[in-house]
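The values are calculated or read from the model by the stated rules, or taken from the named source; none is laboratory data. Fair warning: this is a prediction, and the values are worked out from it, not measured in the lab. Ideal geometry is used to build each Cβ from the backbone, glycine not excepted, and the neighbour counts take in all protein chains shown.
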Amino acid sequence: MPDILWPIKWAIEAILVAFHWVFSSIGFPAEAGLTWILSIIGLVVVVRSAMIPVFVRQIKSQRNMLVMQPELQALQKKFKGKTDPESRQKFAAEQMELYKKYKANPLSSCMPLLLQMPIFGGLFVVLNEAQKSAPGVGLLTQNLATLFANATVFGAKLSDNFNGNTNAKVMAAVLIILMTASQFITQRQIMAKNQNPAAMNSQYAQTQKIMLYVFPLIFAVSSFAFPLGVMWYWLASNFWTMVQQFVVIRNMPTPGSEAHKAREQRLAKKGKALTVEEIEQLPEPQKQQRAQPVSKTRAKKTR
């Protein structure tokens with residue numbers, strides 16, 4: 001059968017070898033585990049930099065999903081209890097129009113993860129083969145594969161997983177805790193700072209709350225089988241996501257959220273005006289009722 005991961009493995013090996021060469025050239029030992037960890041972090045920088053446009057679209061889509069929740073809830077209430085085919089079809093059509101209106105996609109939150117899964121798979125295969133000192137499909141030669149297989153950090157080989165020696169177990173446990181915590185903080189950051197209060201009780205918000213606890217738990221359980229090198233990639237990727245999301249939420253918050261209020265306060269202190277998009281999203285000011293003039297006759301009576 002053809003190796004469908006061959007192009008991804010080749011690209012991963014090329015990036016790893018390139019960064020390994022750079023760090024080795026500036027004085028890092030070629031056989032050291034730290035050199036390979038820095039190379040893996042370099043791989044994260046390249047992959048996540050290429051995914052910045054996808055991530056920004058994800059944040060915008062999530063923001064739009066939160067903004068549209070009041071209208072979506074009203075639509076669901078409108079068709080509640082109507083199970084006939086015509087009502088279902090009309091509900092689906094109006095729901096799609098709502099998604100188009102706000103340019104929202106319910107599956108947007110999964111896109112960065114789905115795009116990274118082939119990278120995880122390719123890296124897993126590359127490191128799994130390298131731990132046996134087997135050459136890769138591209139620039140990872142027999143010599144480099146042997147260097148990686150013998151590379152250690154605090155007595156733990158990067159090719160080991162939780163089933164390795166005591167040092168590998170300790171490092172794997174620490175990495176799993178950090179990975180799970182960073183995943184939780186990243187998801188919590190959206191719910192705490194970038195969510196409109198009007199959408200707190202929506203179905204989408206409830207789904208986000210479930211994901212807040214379920215996803216980190218799934219990743220924590222599955223991580224026990226991963227080599228330490230893959231865990232380092234995952235941890236570095238999580239930290240990248242956390243920082244990148246903080247920057248995006250700070251500059252493109254959901255209208256009505258805590259992050260949006262904080263941004264308005266920062267702009268007000270700096271004396272900067274809001275953008276056209278932000279002005280359009282602000283609530284309309286309430287019209288004050290004009291005081292009716294008091295007639296002379298009525299004024300005399302009040303006296």
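Scanning the range 114-160 for residues that are on the phi > 0 side of the Ramachandran plot and at pLDDT 85 or above returns F154, G155. Screening A198 on (1) at pLDDT 70 or above; (2) not in a loop (DSSP other than H, G, I, E, B) shows it passes everything except condition (1). For K82, the criteria (1) in contact with a Lys or Arg (Cβ under 8 Å, 6 or more places away or on another chain); (2) part of a helix (DSSP H, G or I); (3) not assigned by TED's automatic domain parsing to the domain that holds V230 hold in every case but one, which is (2). Residue-level check: of (1) assigned to a helix (DSSP H, G or I); (2) modelled with pLDDT under 80, D3 misses just (1).
Being buried (at least 18 other Cβ atoms within 10 Å of the Cβ), at pLDDT 90 or above and out of contact with any Phe, Trp or Tyr (no Cβ under 9 Å at 6 or more places or on another chain) is true for just one of I40, I15. Which residue is that? Just one listed residue meets the conditions, I15. For the range 156-168, indicate whether the set of residues that are in a helix (DSSP H, G or I), surrounded by 17 or more Cβ atoms within 10 Å (Cβ to Cβ) and in contact (Cβ under 8 Å) with a residue 24 or more places away in the chain is non-empty. Yes - at least one qualifying residue is present in the range 156-168. In the range 17-62, the residue that is farthest from L158 (Cα to Cα) out of those that are among the aromatic types (F, W, Y) and part of a helix (DSSP H, G or I) is F55.
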